[in-house]
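Below is one structure, written out as structure tokens, with a few remarks after it.
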Amino acid sequence: MKQLFSSGLLISSVFYLAACGEEGDSGGNTLTDTNTDTQTQTNVEIVDTQAPVIILNGQTEITLEVHNVYTEQGVAVTDNYDSALQAVITSDLEIDVLGNYTVTY
């Protein structure tokens, strides 16, 4: 049988067939399946439809005095499937230039 998933999960449905004459068959005919190795297989796709949850470790808005150091607050990431997720942090923040900036996780 074929292994379907790298996690080692093997899913298969096995059916054995045997047939005989219908009830009331006056001809006395009997059908017998001598091949007991008849099998069929069902492919199952397992998916994760639930998005990870990202929780900010601080405030959603920060006011920073020009030329001061920005300290990244970080985030906590949880997921129902993958416990090893890490946030990717991107920003165009320039502490020496006045303006509004976004930090994206």
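The values are calculated or read from the model by the stated rules, or taken from the named source; none is laboratory data. Everything numeric here is computed off the predicted structure, so don't read it as measured data. Ligands, DNA and RNA are excluded from the accessible area calculation, which covers all protein heavy atoms including side chains. Shrake-Rupley method; radii C 1.70, N 1.55, O 1.52, S 1.80 Å.
Please give the solvent-accessible surface of residue 55 in Å², to the nearest 10, using a probe radius of 1.4 Å with every protein chain present.
Rounded to the nearest 10, that gives 90 Å².
Near the amide H of residue 75, under 5 Å away, which other amide H atoms are found, from residues 5 or more places off or on another chain, if H is placed in the peptide plane?
Under 5 Å from the amide H of residue 75 lie the amide H atoms of 57, each far enough along the sequence or on another chain.
Report residue 53's accessible area, 1.4 Å probe, all protein chains in place, as a number in Å² to the nearest 10.
70 Å²
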